[in-house]
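Please treat every number below as a calculation from the coordinates, not as lab data. Note that this is a predicted model, so its numbers are computed, not measured. Cβ: placed from backbone, ideal geometry, glycine included. Neighbour counts: every protein chain shown.
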Amino acid sequence: MSDIIFSSIVVDLKNALENKEHPFRYFTLATSDINYSPRLRTVVLRNVDKDLTLMIYTDHRSKKVTHILEHEVVSLLFYDPERLLQITMRAKATIVTDPHTLKTMWSQVPVGSRKSYTSELAPGQEIKDPDEIDYLDERHFFSAIQIIPERIEYLRLKRPNHIRVLFKKNKNNWKGNFIAP
């Protein structure tokens, strides 16, 4: 049965790419700063490959990039309130640095969404007025983060019994065990 549950996780993540209304499309990413203080933010799932490697986009000046360069271990939280389903992951994150890969990804970003990566100021800088941010025409700060899960927890709240499964990656294989909810 744990194999069926793992397959459902993969299907949900793939569906989140196609369906902008899917609850897993937007998820919480947790990083740690230099003092190991947690930082949380909502990010957008951009890709999931056959090995369950996830991809998100970011401005390369963002704090999450700095945090990942300092501490590659991150946590992810996906939640579906209708099904009372929570998926958490512990993963290793790396910043995509290959110029060809980044150029290909950038070409796939819709024109209307590119503005998010072209502000003159780095994310998190203090400003006086949101309407006074300048955007660059010929330059961008687009980057991507690759996230490779090592551990996945599935928790489904249901009656008469909640279901919780811990999946651990061993080489390229996932093994799941039921655990007490």
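Listed values, structure above:
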quantity	calculated
The range 111-181, relative contact order [Cα under 8 Å, separation at least 6], %	20 percent
For H140, H162, order by how many other beta-carbon atoms lie within 10 Å, fewest first	H162, H140
Extension gain, S32 back to D51 (0.36 nm per residue minus Cα-Cα distance, nm)	4.3 nm
Charge sum, other residues only, whose C-beta stays under 13 Å from Q108's C-beta, Lys/Arg counted +1 and Asp/Glu -1	+3
Degrees, to the nearest 10: 99-108 long Cα axis against longest axis of the chain	90 degrees
The chain, relative contact order [Cα under 8 Å, separation at least 6], %	21 percent
The chain: most fluctuating residue of I127, I87, I145 per GNM, C-alpha cutoff 10 Å	I127
Residue-count net charge about Y117 - beta-carbon cut-off 11 Å; Lys, Arg +1, Asp, Glu -1	+3
Between the range 1-66 and the range 125-154, the Cα center-to-center distance that results, in Å	14 Å
Segment L40-K175, length gained on full extension (0.36 nm per residue, minus Cα span)	45.8 nm
Folded to 0 to 90 degrees: helix 2-18 orientation relative to the chain principal axis, Cα	30 degrees
Relative contact order [Cα under 8 Å, 6+ residues apart], the range 64-152, whole percent	35 percent
Sum of side-chain charges, L84 neighbourhood, beta-carbon under 15 Å (Lys, Arg +1; Asp, Glu -1)	+1
Label-to-label distance, nm, for residues given as Q108 and S2 (7 Å Cα→Cβ offset)	3.2 nm
Cα pair distances exceeding 24 angstrom across the chain, given as percent	44 percent
